[in-house]
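Report on the structure given below.
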Amino acid sequence: MPPDPVPAPLAAPVPIAALTIEPRAVEGRIRIPYRWPAGRTAGAFLARLRDEGRLYGLRCPRCKQVAVPPRPRCLACRVPSEDWVAVGPEGELLSWTTAPAAPARPAEVWALVRLDGADTALFHRLLDVPPDRLRVGLRVRADVASPTVRRGAITDLIGFCAV
Amino acid sequence: MQPVAILGAAQTRHVARRDDACYSELAFEVVAALLAETGFTHPRIDTVITVSSDFSDGRTISDMAVQDAVGAAGKSSSKVSMDGAFALAYAAARLTCGRYRTCLVVAHAKASEGRPREISRAAFDPFFERPLGPTDHVALGLQARRFLARGTVTREAVALAAARALAYANGNPNAHWRGALSSREIQLGPPVADPLHRFEVAPDSDGACALLLADLDTARAHAAARGVPVIRLDAVACATDRHGLGDRDLGLPGVLPQVARAAYAQAGITDPVREIDVAEVYDASAVQTLLWREGVGLPVDLLAGPAWNPSGGALCAQPGFATGLVRVAEVWRRLAAGEGRTGLAHGMTGFVGQAHCVGILRRA
Ligand SMILES: [Zn+2]
């Protein structure tokens, strides 16, 4: 039987810590268009906002709570909700915060509003409310864009103003 | 739940930017440290669960990209794309099913590689919320206002919680933020999402964390061989709440009380104030430092009951989805060092605590 070949001596490994590592970074950007069909519930809400300039919620047949934004099933009872009811256009300010949408962008005022006739709150913007008037419970009113520019998006609602 | 045990925990320092390591190298750091600490080798690890966010990594199926770092090749591996604390539930399920004796859990996050605010926007509902352009910080601000409007806690108490976190972090070598600021100085700092100011909102950190879990027999043999205590995971519970920002009252602790009660029942805890020695919760804001306390059934007074976020909490280091796993690692470290017998670790996912997970650790 031939003897095992003698392995050639390896060069001594250089510890990685001893190497000068030039930090390199690869820059990139992921940009992928999407198309999200709004479905029957959000779709109906947005179509009515466009066509009528009004806000609607869905009422649970069991507990009678009205969800705005509408949810196809009651969040509490989990039964299907099919009863559309008009809500607002006035409501109550539940919360607000001032923050930029991105670090470099100007700060905007964001709000949670419970519309009259609704039991849950709609997230949107506050428009031109003087800071000294801001308080939880403030009466606010939906400001909807004019019919010619509405396109069936939540931005057809421009935001909420103080009543 | 059949008890399982946590044999070891490792984490990196959490910093603003780790340009010296790509994310799989970051994951490898904690795996290497954990294997060195426990004396385990890859052949003795039966299954691997990684925790990462595809959006944060800028790479889909981000778990596949760290398989070399975590030694997953040839093993059954899976992924949690939520906060890392939820991986505890997954790991415990894998171990209690009896097919695996050991499970490695590894979470990594490099907030510096992307733009955390813009990435957070992609989690909002595309029909009612996202077109308006909110971020995770907007949700934190809305929650803070709701919480303060309840009147149970003062504005000052929130700033004090942030000041306290920075002070605690001075003793945590892994913390991203440390400091000595008064509650007044914090309230005079730059606003982030009012009423929250800088240091009342958790930083965006680069960091990683790893845990090794095992069945109780393996854990006992390991403990005996190395002269270390067995740290059991006696309970893990989680639940998810409504998604829409206006579908739940953000100023309340949501499903957390229910999650905590389930965890206490599993672990046989009847009086959390007296029985829990240390607790680490994922507080993305100083309001959450207080609100999650209420959620797990502890009094508002931060000095009553267990040591509360003694690491400084997420307020001082928030490495993405690794943040909740770091809470577990911190509790494990303190119990292993003899700083108490029972600990609570909490993680959350979704805006301002849509989903919560609570684990109860106990030194045998
Ligand atoms: Zn109902």
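List of remarks:
- Residue in the stretch B:213-233 that is at pLDDT below 95 and either part of a loop (DSSP other than H, G, I, E, B) or within 14 Å of chain A (Cβ to nearest Cβ) (or both) present: no
- Top-ranked residue of the stretch B:234-258 - restricted to ones that are in contact with a helix residue (DSSP H, G or I) (Cβ under 8 Å, 6 or more places away or on another chain) and not in a loop (DSSP other than H, G, I, E, B), ranked as farthest from the other protein chains (Cβ to nearest Cβ): B:Asp234
- Residues that are open to solvent by less than 40 Å² (accessible area, probe 1.4 Å) and either part of a loop (DSSP other than H, G, I, E, B) or within 14 Å of chain A (Cβ to nearest Cβ) (or both), drawn from the stretch B:1-23: B:Thr12, B:His14, B:Arg18, B:Ala21, B:Tyr23
- A:Thr120 satisfies every condition listed in (1) within 12 Å of the ligand (Cβ to nearest atom); (2) open to solvent by 50 Å² or more (accessible area, probe 1.4 Å) except (2).
- Within the stretch B:149-159, the set of residues being open to solvent by 40 Å² or more (accessible area, probe 1.4 Å) and either in contact (Cβ under 8 Å) with a residue 40 or more places away in the chain or within 14 Å of chain A (Cβ to nearest Cβ) (or both) comprises B:Ala149, B:Arg150, B:Gly151, B:Thr152, B:Arg155.
- For the stretch A:72-103, residues that are within 13 Å of the ligand (Cβ to nearest atom) and open to solvent by 40 Å² or more (accessible area, probe 1.4 Å) total 8.
- Number of the exception - A:Ser146 against (1) open to solvent by 40 Å² or more (accessible area, probe 1.4 Å); (2) more than 9 Å from every other protein chain (Cβ to nearest Cβ); (3) closer than 20 Å to B:Phe127 by Cβ: (3)
- With respect to being open to solvent by 60 Å² or more (accessible area, probe 1.4 Å) and more than 14 Å from chain A (Cβ to nearest Cβ), B:Leu303 fits the description.
- Qualifying positions in the stretch B:116-173 - of a type in the set (S, T, N, Q) and over 28 Å from A:Arg48 (Cα atoms): B:Ser120, B:Gln143, B:Thr152, B:Thr154, B:Asn170, B:Asn172
- Conditions (1) modelled with pLDDT under 95; (2) open to solvent by less than 80 Å² (accessible area, probe 1.4 Å); number of the one not met by A:Leu58: (1)
- Elements of type helices (runs of 4 or more DSSP H) contained in the stretch B:272-364, each with 1 or more residues being over 27 Å from B:Ala123 (Cα atoms): B:272-275, B:323-336
- One residue alone among B:Gly141, B:Gly133 is within 26 Å of B:Ala345 (Cα to Cα) and either in contact with a His (Cβ under 6 Å, 6 or more places away or on another chain) or facing chain A (nearest Cβ under 10 Å) (or both), and that residue is B:Gly141.
- Condition met for A:Val68 (within 16 Å of the ligand (Cβ to nearest atom), free of Cβ contacts under 8 Å to residues at least 60 places away in the same chain and either open to solvent by less than 50 Å² (accessible area, probe 1.4 Å) or of a type in the set (Val, Ile, Thr) (or both)): yes
- Against the list (1) within 11 Å of chain B (Cβ to nearest Cβ); (2) in contact with an Asp or Glu (Cβ under 8 Å, 6 or more places away or on another chain); (3) among the β-branched types (Val, Ile, Thr); (4) more than 16 Å from the ligand (Cβ to nearest atom), the condition A:Val140 fails is (1).
- Of B:Gly84, B:Gly74, all but one fail to be open to solvent by 30 Å² or more (accessible area, probe 1.4 Å) and not basic (Lys, Arg); the exception is B:Gly74.
- Of all residues making up the stretch B:61-95, the number that are closer than 23 Å to B:Leu361 by Cα and in a helix (DSSP H, G or I): 10
- B:Ala265 being open to solvent by less than 10 Å² (accessible area, probe 1.4 Å), more than 14 Å from chain A (Cβ to nearest Cβ) and part of a helix (DSSP H, G or I): no
The values are calculated or read from the model by the stated rules, or taken from the named source; none is laboratory data. Keep in mind that this is a model prediction, so the values were computed, not measured. Here Cβ is always computed from backbone atoms with ideal geometry, including for glycine, and neighbour counts include all displayed protein chains. With ligands, DNA and RNA removed, areas are computed over all heavy atoms of the protein, side chains included. Shrake-Rupley method; radii C 1.70, N 1.55, O 1.52, S 1.80 Å.
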